[in-house]
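Trainee: Mind having a look at this structure? Questions to follow.
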Amino acid sequence: MQVRFLRLFAILLFGLALALGLYSLQFGDQPMAPQAVPPAVQEPTEVVWVFVGDLPEGTVLAPEQLAQSRVLQRNEPDLQDAEPFYGRVLSRPVPAGSRLQASMLEPERPLHDALEPGYRALAIKVDEVTAVGGHLRTGDWVDVLFYLKANRESGDSSTARRLLSNVQVLAYGPELIGDDEQERQERSRSVVLAVPDERTSALLLAESSGTLRLSVVGQQEKLRDARADQNQTYTTALKTLVAQPVTAPPPPPPPRVVRARPRVELYLGEEKQLVSTRR
């Protein structure tokens, strides 16, 4: 009995081994299915600038209003460098988190943006001589000289003095553009200066009463003055243009009283005469 059981068990094991052999021959050459690999996380590489807070229309753009951010995709209008746009004015309200774009800003106006507080842009007429022979350029620093020829109002002597010192040229020549060639030529005969607000009326008075001429301040002198005293940039000498107090003329002497002498009527025939007599 035990021998038959062992024989059956051996046959069973042989059959199982045979089945495993056939299975390995049939499926052993097929490659194993690849295991699923989780996708790699993509790092953001594009740089944009976003607003850190809500800003109203008309706000002047400043560095503290923006923060740099990295994103996966940058839109075409998004600006990568914000520094050239500092000082520009927002043309509409901007919510926090918005990306900085050029369409949010007012159009650039170099003349308007170049003016510092307390200064006014004022144009004066010039020609080839008064504009340093035509060598004047935008960004130069000039002195404004005033010449007053002798006339009935100024007296017998002509005068000349420095009216303004170290005044910046905001625009001149080709930068004063127009719609046609004639208009450009007319505008090229003027120069726009950055004049202190309190000196604009004096400059207008000088232009209307005398002759103005510009003299360029050298770069070396500008550097020397900046090292000496940066606070003394604009000086003026306007005593000849400021109205002086009018001194009242002395009162006229009292009129001399002349007492009339007594007169006597004298008749000589038909003639009549008045004769003064001593008292």
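The values are calculated or read from the model by the stated rules, or taken from the named source; none is laboratory data. Nothing here was measured: the structure is a model prediction, and the numbers come from that model. Quick reminder, even Gly has a Cβ in these numbers, built from the backbone with ideal geometry, and neighbours come from all protein chains shown.
Trainee: Of everything in segment 93-114 that's surrounded by 14 or more Cβ atoms within 10 Å (Cβ to Cβ) and farther than 18 Å from Leu55 by Cβ, which residue is nearest to the chain's Cα centre (by Cα)? Spell out the reasoning first.
Mentor: If we filter segment 93-114 for residues that are surrounded by 14 or more Cβ atoms within 10 Å (Cβ to Cβ), which is where we start, we get 94, 98-101, 104-106, 111, 114.
Those still in the list that are farther than 18 Å from Leu55 by Cβ too: 111, 114.
Working: Leu111: 6, Ala114: 2 Å.
The qualifying residue nearest to the chain's Cα centre (by Cα) is Ala114.
Trainee: I would also like to ask the following. Taking segment 59-104, which residues are part of a loop (DSSP other than H, G, I, E, B) and of a type in the set (Lys, Arg)?
Mentor: Within segment 59-104, the first condition is being part of a loop (DSSP other than H, G, I, E, B), and the residues that meet it are 59, 61-62, 72-77, 79-82, 86-88, 91-93, 95-98, 100.
Scanning segment 59-104 gives Arg74, Arg88, Arg92.
Trainee: If you don't mind, there's one more thing I want to ask. Is it the case, given these coordinates, that Val41 is surrounded by 10 or more Cβ atoms within 10 Å (Cβ to Cβ), outside any helix (DSSP H, G or I) and at pLDDT below 90?
Mentor: Against the criterion (surrounded by 10 or more Cβ atoms within 10 Å (Cβ to Cβ), outside any helix (DSSP H, G or I) and at pLDDT below 90), Val41 does not qualify.
Trainee: Hey, any hits in segment 140-148 for a residue that's surrounded by 10 or more Cβ atoms within 10 Å (Cβ to Cβ), outside the structural domain of Gly58 (by TED's automatic domain parsing) and assigned to a helix (DSSP H, G or I)?
Mentor: First, pick out the residues of segment 140-148 that are surrounded by 10 or more Cβ atoms within 10 Å (Cβ to Cβ): 140-148.
Add one more test, that the residue is outside the structural domain of Gly58 (by TED's automatic domain parsing), and what stays is 140-148.
Among the residues that remain, those that are also assigned to a helix (DSSP H, G or I) are: none.
Taking every residue of segment 140-148 in turn, none turns out to be surrounded by 10 or more Cβ atoms within 10 Å (Cβ to Cβ), outside the structural domain of Gly58 (by TED's automatic domain parsing) and assigned to a helix (DSSP H, G or I).
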